[in-house]
Amino acid sequence: MHHLIPLLVAVPLLGAALLVATGRVLPRIAAEITGFVVSGGTAALAVVLLLNSEPPMVEWIGGWLPVGGESVGILVVGDGPALGMATAVSLLTLAALAYAWRYFDEPLGGHSGAFTALMLVFQGAMCGFAIAGDLFNAFVFFELMSVVAYALTGYRIDEAKAVQGALTFGVVNSLGAYAMLMGIALLYARTGELAMTKIGRGLDATGHGGPDALVLASFVLVLTGLLVKAAAVPFHFWLPDAHAVAPTPVCMLLSGVMVELGAYGVWRVYGTVFAGPGGIPAADLTRALVTLGTLTAAIGAVMCWYQRHIKRLLAYSTVAHTGLFLVGLGILTPEGDDGVALYILGHAGVKAALFACAGVLLDRFGSVDEHALHGQARRLRATGVMFAVGALGLAGLPPFGTALGKSVTEEAVGGPLTLVFVAASAITAGAVLRVTARVFLGLGPRPEDAEYETSGSDEEPETSGLLSRIPDTMTTVPAVLLAAAFAAGVAPGFGAVVARSVNEAGSGGAHVFVHWTLTGVLLGVASSVLAVALAGLAVTRPGWTAAPGWAAPLRRLQSGHVGDYVAWLLMGATVLGALALPGVLGS
Amino acid sequence: MHILPYLVAAYVFVTGCYGLATSRNLIHAVGCLAVCQSATYVLLLAVGYRDGATAPVFSDIAPGSRPVVDPVVQALTLTDIVVGATVTALLLALVLQIAKRHGTVDPDELRELRG
């Protein structure tokens, strides 16, 4: 069975190559069906592998097995989290391709397979990053998924905002990737190994009782790359710019799984490389991730609340939720890992569905501006209901999968950090509910325009001209995604299965029983009630919830200037180093 | 072990970052990103260096007869160069589109996405 793991990368890449080679002569329908078959086949393979992932599998590609403990081969791992992420990536790609069916009516440059081929490369690269067992291949797949994501973000090359967002995304993410490669080179210099587990053992063997400056430098550099991808504050500035301009099916993947792969990378790299006695002490990682995660959740939630561009609003909600994921992973307990894994799965379904609904608005009205669309979408009842349901899923209303994940994580972190979870999910969900009330129900007065913001008017619809009728695929896909997020919470035993496979891979077999608790349910209900209350307040009393003076400097930081974002990246790396420093000084 | 190549790598990386942060032209910014990447080449090759060693090509020397530099980092550098070429080409294509659609390549004048 383990020989099949590399196919998760090879099949989508070959499918993409086929589409690129034949796309000019292939009719569009044939190209799209090929995309479905390849993407769906990979998804089926990922599911089959996932069901067989106990005990965890390892594959040396091409049969380059280690000789006497030394190896130059390429290693891929097939444990629960790796294959789980690959499955989530593949299923969401399939959903995005289904959503994009009949989407871009004019294929780019007469090449009918271009978009589908790019989506397949994206799928293959994300699967490759998930299963990579050595750091250099993790870097290569990290860069591959980044480059394809830049191309997909700027897919509509005639749009001024799209190319600008794609360039910012490209510069910041590639710089993060190069920082990560510098860190990998330092680790190789120290240990002479590239496979993650062997680097970890090498650090412990050469550590002489504790980490030194080189280990700290490599830790900071590698984590900088991963946190740029995970959009942690202050590495997050590229995300709203890219997500606001990317085509909707691409946004579903960017927000649903790509950003979460950054958090997954942090978990994987810390657990296998830096967790030993020669690596970074647990207290330092907890300090770094909990600090940055809390900051990310707070800034993401505040910025989300003050957006009027609906896709940008959803993008900031992704920032806030990644902050929560980082806090959950940062406390380094098996319960935290399990909760975050469930939370990520539920969030992927809910967030992709919300983006899909925003795409319906864009293609029906040529705008994703909350103010301009006030009361316009009254007749899109199905979309409005799904938007509201998605918002409640975001708030963590039981029994959504997000609620189960959130409640398990909340119990794991405990104490005042629980408030961060409740507040961040309530504020982001409240913002989405506010949009629902204004756009789909036309409630409340039309709000006034602020000075420093991105409006969502004058957007080009992604279909050829405005749609007069919404295609069935564009309403079915979000419905299925929401149903999946719901099922993740109610399906008996699903949580336990996820928890077992995460713990098997991550916490040395310390099994945890994951289940609904009364506290978790009450906190989930509290977040939802708070979200509804916030939305109600915003709609009925717009003056009370308008941006206060202290929020203006926060919004000015998001300047849209690529040089500023690079400066923030450097500052973030410095802060990360400072947060992890005490353990190195103490050893 | 010589410390100089490592200092050079760090210097090149920081120089590239400085250029990116202060850039007034997006083509220059993409060039600065390539400078940052050059730092990774320097670092990787420095890691694999051995005093008195030759290239790891065994066509004219017998294996084990004399030291060779680490071939792994050279393979990594080659892969890295391929990655860099892709990134630079794509970003320059995006800059071209920005020039067409915005009429400027000065990042100070691109102020549509903000807040």
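The values are calculated or read from the model by the stated rules, or taken from the named source; none is laboratory data. All of these numbers come straight from a predicted model, not from anything done at the bench. Every residue, glycine among them, receives a Cβ derived from its backbone with ideal geometry; neighbour counts consider all protein chains shown.
With respect to being crowded, with 24+ Cβ neighbours inside 10 Å and among the polar types (S, T, N, Q), residue A:407 fits the description. Looking at A:24, A:102, just one residue is within 26 Å of residue A:351 (Cβ to Cβ), over 23 Å from the mean Cα position of the chain (by Cα), surrounded by fewer than 17 Cβ atoms within 10 Å (Cβ to Cβ) and at pLDDT below 95, and that residue is A:102. Looking only at region B:87-102, which residues are surrounded by 15 or more Cβ atoms within 10 Å (Cβ to Cβ) and free of Cβ contacts under 8 Å to residues at least 60 places away in the same chain? Result: B:87, B:88, B:90, B:93, B:94, B:96, B:97, B:101, B:102. Of all residues in region A:229-268, those satisfying the criterion of being out of contact with any Cys (no Cβ under 6 Å at 6 or more places or on another chain) and within 13 Å of chain B (Cβ to nearest Cβ) are A:237, A:238, A:239, A:240, A:241, A:242, A:244, A:245, A:246.
Scanning region A:187-198 for residues that are part of a helix (DSSP H, G or I) and either surrounded by 22 or more Cβ atoms within 10 Å (Cβ to Cβ) or more than 8 Å from chain B (Cβ to nearest Cβ) (or both) turns up A:187, A:188, A:190, A:191, A:196, A:197, A:198. Might you check whether a residue that is within 13 Å of chain B (Cβ to nearest Cβ) and at pLDDT 95 or above occurs anywhere in region A:119-131? Yes, region A:119-131 has at least one match.
Just so you know, in region A:140-184 the residues that are surrounded by fewer than 24 Cβ atoms within 10 Å (Cβ to Cβ) and not in a helix (DSSP H, G or I) include one that is nearest to the other protein chains (Cβ to nearest Cβ), and it is A:157. Taking the criterion of being within 26 Å of the chain's Cα centre (by Cα) and either without any contact (Cβ under 8 Å) to a residue 24 or more places away in the chain or crowded, with 20+ Cβ neighbours inside 10 Å (or both), would at least one residue in region A:59-74 satisfy it? No, the conditions are met nowhere in region A:59-74.
For region A:415-454, what are the residues that are more than 25 Å from residue A:322 (Cβ to Cβ) and modelled with pLDDT of 75 or more? The answer is A:437, A:438, A:439, A:440, A:441, A:442, A:443, A:444, A:445, A:446, A:447.
Looking across region B:59-84 at every residue that is among the small types (Gly, Ala, Ser) and within 18 Å of residue A:180 (Cα to Cα), the one that is surrounded by the most Cβ atoms within 10 Å (Cβ to Cβ) is identified as B:84. Restricting to region B:33-47, and then to whatever is more than 8 Å from the chain's Cα centre (by Cα) and more than 9 Å from every other protein chain (Cβ to nearest Cβ), can you tell me which residue is nearest to residue A:189 (Cα to Cα)? For region B:33-47, the residue satisfying everything is B:45. For residue A:193, indicate whether it is without any contact (Cβ under 8 Å) to a residue 24 or more places away in the chain and not assigned by TED's automatic domain parsing to the domain that holds residue A:360. When the stated conditions are applied, residue A:193 passes them. Applying the criterion of at least 3 residues that are touching a residue at least 12 places away in the same chain (Cβ under 8 Å) and away from chain B (no Cβ under 14 Å) to the helices (runs of 4 or more DSSP H) found wholly in region A:515-587 leaves A:518-540, A:562-586. Here residue A:373 fits the description: assigned by TED's automatic domain parsing to the domain that holds residue A:476, part of a loop (DSSP other than H, G, I, E, B) and crowded, with 20+ Cβ neighbours inside 10 Å. Looking only at region B:97-109, how many residues end up being within 14 Å of residue B:29 (Cα to Cα) and at the interface with chain A (Cβ under 9 Å from one of its Cβ atoms)? Counting residues in region B:97-109 that are within 14 Å of residue B:29 (Cα to Cα) and at the interface with chain A (Cβ under 9 Å from one of its Cβ atoms) gives 3.
Just give me the residues in region A:474-514 being surrounded by fewer than 17 Cβ atoms within 10 Å (Cβ to Cβ), closer than 15 Å to residue A:397 by Cα and either touching a Lys or Arg at 6+ places or on another chain (Cβ under 8 Å) or not small (Gly, Ala, Ser) (or both), in sequence order. Across region A:474-514, the qualifying residue is only A:490.
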